[in-house]
Amino acid sequence: MKIHRDKLDDLFSEVVRRRAVLESNGCQYCGKQLPWERLDCSHFIGRRKRSTRWCSENAVGICRGCHFFLGEHPYEHTEFFKKRLGTERLEKLIIKSNTQFKPDRDKIEVVLREALRILKGGTDK
């Protein structure tokens, strides 16, 4: 069953992909230099888990090739996130993903819009 994407997913994706360009100048896995528009937002824990769906630690901006690769190679995917976050933070993220709660979508949107404003250099470009 396909998971429905909405405006909050689109906003989160843009924040993650712009952050990737700021931090890594492109793909956060292979290092290929790409603009944010050509990156995918890749979640470690799938979007079905609402407790981590819009969590910044749960996603990276990567190129399409790396997105396919990591999706097909769970060991490498886990090791990449373990290296990125550290074992303790990754374990906390996994525990959080298994916590049931209803996210405050309005609050998440405010936080994401502010993050996007900062990533764009403080303007509404």
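Bear in mind these aren't lab numbers, they're just calculated from the coordinates by the rules spelled out. The structure presented is a predicted model; accordingly, all values stated were derived computationally and were not measured. So basically every Cβ, Gly included, is an ideal-geometry build from the backbone, and we count neighbours across all protein chains shown.
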ask   = For labels at residue 92 and residue 7 in the simple 7 Å Cα→Cβ model, what's the distance in nm?
value = 3.2
inquiry  = Which aspartates and glutamates, if any, have their Cα less than 20 Å from the Cα of residue 49, not counting same-chain residues under 8 positions apart?
reply    = 6, 9, 10, 14, 40, 57, 72, 88, 91, 104, 106, 109
ask   = What pairs in 32/82; 7/82; 32/107; 32/102; 7/120; 96/120 have C-alpha atoms more than 27 Å from each other?
value = 7/82; 32/107; 32/102; 96/120
ask   = What dipole magnitude, in Debye to the nearest 20, does segment 7-118 give about its Cα centre under +1 on Lys/Arg Cβ and -1 on Asp/Glu Cβ?
value = 220
ask   = Taking N as the number of residues in the chain, what is its alpha-carbon radius of gyration divided by 2.2 N^0.38 Å?
value = 1.03
